[in-house]
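The values are calculated or read from the model by the stated rules, or taken from the named source; none is laboratory data. Because the structure is a prediction, the values reported are computed rather than measured. Neighbour counts are summed over all protein chains in view; Cβ atoms, including those assigned to glycine, are modelled from backbone coordinates with ideal geometry.
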Amino acid sequence: MIDLPHPPPGATSGPYGLPRPDLDEAHMALAEVYAEITDRIWHQLLSDTELTGRETDPDALDRVIEAMKASDPITALCGRSLEIRVAAFDAIATDRELIGSPA
């Protein structure tokens, strides 16, 4: 059996101890690709979506993902990968609820 890591005390977590993707993860995904120009791209995405970057609701991430997908091909690929990650998280969370297993 795989022993999955648990988030630190006070952190929110989903099924199997996995957090739902958020704006921080979107920012980190861009940083993996763009390095020193990440902040310029990130601030443009936030401006395009009228967000501050401090939002924690799922809708904010959805808006950033859509903006990423409408951007240049590399940013769009990052957005698509986040979209897949969100869909996988939501499917796992739903499955856990349906079978009544604790997260």
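Observations
- Scope the stretch 24-41; condition of a type in the set (A, V, I, L, M), over 13 Å from the mean Cα position of the chain (by Cα) and under 15 Å from ALA67 (Cβ atoms); matching residues: ILE41
- Which numbered condition GLU55 misses (of (1) modelled with pLDDT of 95 or more; (2) more than 13 Å from the chain's Cα centre (by Cα)): (2)
- Residues that are farther than 16 Å from HIS43 by Cα and touching an Asp or Glu at 6+ places or on another chain (Cβ under 7 Å) within the stretch 53-67 comprise just one, THR56.
- Considering (1) at pLDDT 85 or above; (2) not in a loop (DSSP other than H, G, I, E, B), the lone condition that GLU97 does not fulfil carries the number (1).
- Residue identified as without any contact (Cβ under 8 Å) to a residue 40 or more places away in the chain and exposed (fewer than 12 other Cβ atoms within 10 Å of the Cβ) among ALA87, ALA60: ALA87
- Conditions (1) modelled with pLDDT under 95; (2) in contact with a helix residue (DSSP H, G or I) (Cβ under 8 Å, 6 or more places away or on another chain): number failed by PRO9: (2)
- Count of the stretch 50-91 residues which are polar (S, T, N, Q) and either assigned to a helix (DSSP H, G or I) or over 22 Å from ILE37 (Cβ atoms) (or both): 3
- Which listed residue, of GLU66, GLU50, GLU83, is modelled with pLDDT of 95 or more, among the acidic types (Asp, Glu) and at positive phi: GLU50
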